[in-house]
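What follows is a single structure, written as structure tokens, with notes after it.
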Amino acid sequence: MDLGLQGKWALVCAASKGLGKGCAQALVAEGVNVVITARGLEALHETAAELRRLAPGVEVRPVAGDITTEEGRAAALEAAPQVDILVNNAGGPPPGDFRDWGREEWIAALDANMLAPIALMKATVDAMAQRGFGRVVNITSGAVKAPIDTLGLSNGARSGLTGFVAGLARQPRLASRNVTVNNLLPGPFATDRLRKNTQAAAERQGRPMESVWDQRRLAVPAQRYGTPEEFGAACAFLCSVHAGFITGQNWLLDGGSYPGTF
Ligand code: NAP
């Protein structure tokens, strides 16, 4: 299927690794020019080189910076001649007990997982509407639908974003101008973050990492973790010209982990 995205410009945030990188790969393979961001320079430039090899005709602009800050967002926006596609992403907040979190921890989680994506949508969606095409994909988490006890910061901050997006996506001035806003909710995907979280859980439990990794894998009905490539493919489809009638949705990608009917 031709996704009809040749020559568009995407800003893919937090994309040197993991799910953001999967989205950048899938978009670049469709002929989309990308600005990719991350804080660490080495992985960012390695990923940019990989993307250029994948699609030599496409422009890839790596921008180093923290997307949760105003400066990081300004640099990312400046690097793109226009933003037709916005993929919002940032690192997830640390696990813990809410009794240990103060205002500082909550503000950091809100900045990363709610306010940064809202600021980037504010900076881009009206121009998308003027041009008559726009796609926003927010990477949130399965924790929005089924909260994870130790990830209270994520459960809370991402639910705030989800509520906001539900309203924004339904504004006729966006929806009627071919601008869609959707959220992708990852369940367990085999990325650095999942490995780090599993390692930390293994240490807490005094068990080998492989045993906790396998136990978690077997708890997924698909009996495996998702891959960044399949996450990217879902993102690219949502960004495609074929998905213009899909907006305000929360798509769970979790191998059947969520136990509810709806
Ligand atoms: P990952 O493999 O650790 O990759 C995170 C990427 O984001 C890296 O490129 C990282 O580069 C970049 N990044 C992190 N914080 C950033 C910031 N403040 N500014 C700019 N770039 C930043 O993580 P992932 O598994 O892909 O997760 C992506 C998001 O999905 C996270 O919010 C995570 O909580 C959520 N999620 C993941 C899963 C899963 O199973 N993997 C499940 C549910 C939700 P630098 O560190 O160099 O900046």
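Could you list, bin by bin from short to long, the percent of Cα-Cα pairs of the chain in 5 Å steps?
1, 6, 13, 17, 20, 18, 13, 7, 3, 1, 0, 0
Where nothing but the Cβ of Lys and Arg (+1) and of Asp and Glu (-1) is charged, how large is the charge dipole of segment 189-262 around its Cα centre, in debye to the nearest 20?
On the way: 8 positive and 7 negative charges, 49 e Å.
The calculated dipole for segment 189-262 is roughly 240 debye.
So for the chain, taking the charge dipole from beta-carbon charges (+1 Lys/Arg, -1 Asp/Glu), which of 76, 144, 110 sits furthest toward the positive end?
144
What is the magnitude of the charge dipole of segment 102-260 about its Cα centre, with +1 placed on the Cβ of each Lys and Arg, -1 on the Cβ of each Asp and Glu, and no other charges, expressed in debye to the nearest 20?
Details: 17 positive and 12 negative charges, 75 e Å.
Computed about the Cα centre, the dipole is about 360 debye.
Kindly write out, for segment 90-100 in residue order, the coupling ³J(HN,Hα) from the Karplus curve 6.51 cos²θ - 1.76 cosθ + 1.60 (θ = phi - 60°), rounded to whole Hz, with x marking Gly and Pro.
In residue order, the calculated couplings are 6, x, x, x, x, x, x, 10, 4, 5, 9 Hz.
Positive end of the dipole of segment 90-202, charges at C-beta (+1 Lys, Arg; -1 Asp, Glu), about the Cα centre: which of 129, 164, 198 has its Cα farthest in that direction?
Working it through, the farthest residue towards the positive pole turns out to be 129.
Sum up the charges of everything whose Cβ sits under 13 Å from the Cβ of residue 9, counting Lys and Arg as +1 and Asp and Glu as -1, but leave residue 9 out.
Values: positive: 8, 61, 131, 135; negative: 30, 59, 78, 84.
Summing Lys/Arg as +1 and Asp/Glu as -1 gives 0.
For the modelled label position 7 Å from the Cα of residue 50 along Cα-to-Cβ, which residues of segment 204-242 have backbone nitrogen atoms closer than 20 Å?
Under 20 Å, as judged by backbone N against the label point of residue 50, lie 225-237 of segment 204-242.
Could you please report the charge total around residue 239, scoring K, R as +1 and D, E as -1 over all other residues with beta-carbon less than 14 angstrom from its beta-carbon?
Every neighbour counted, the sum reads -1.
Under DSSP H, which helices of the chain have Cα atoms covering 24 Å or more of the helix axis and a Kyte-Doolittle average no less than 0.5?
The answer, listed by residue number, is 152-169.
Near the amide H of residue 136, under 5 Å away, which other amide H atoms are found, from residues 5 or more places off or on another chain, if H is placed in the peptide plane?
The list, which skips near neighbours in sequence, is 86, 180, 181, 182.
Past 28 Å, Cα to Cα, is the threshold; run 8/145; 145/196; 122/145 against it and keep the listed order. Let's see the in-between values first.
Working: 8/145 32 Å; 145/196 23 Å; 122/145 25 Å.
Going by Cα-Cα distance, 8/145 fall outside the 28 Å limit.
Rounded to the nearest whole Å², what accessible area per residue is found for the chain with the 1.4 Å probe? Each step should come with its number before you reach the end.
Numbers: 12440 Å² over 262 residues.
That works out to 47 Å² for each residue.
Divide by every residue of the chain the summed helix terms, -39500 (n - 2.57) for each DSSP H run of at least 4, and state the resulting mean residue ellipticity at 222 nm, rounded to the nearest 500 deg cm²/dmol.
Computed ellipticity for the chain at 222 nm equals -14000 deg cm²/dmol.
Which percent of the accessible area of the chain is formed by carbon and sulfur heavy atoms (probe 1.4 angstrom)?
So the carbon and sulfur contribution to the accessible surface is 54 percent.
The values are calculated or read from the model by the stated rules, or taken from the named source; none is laboratory data. Remember, it's a predicted structure, so these values are computed and weren't measured experimentally. Heads up, the Cβs are rebuilt from the backbone with ideal geometry, glycines too, and the neighbour counts pull from every protein chain shown. Note: areas computed on protein heavy atoms with side chains; ligands, DNA, RNA excluded. Shrake-Rupley method; radii C 1.70, N 1.55, O 1.52, S 1.80 Å.
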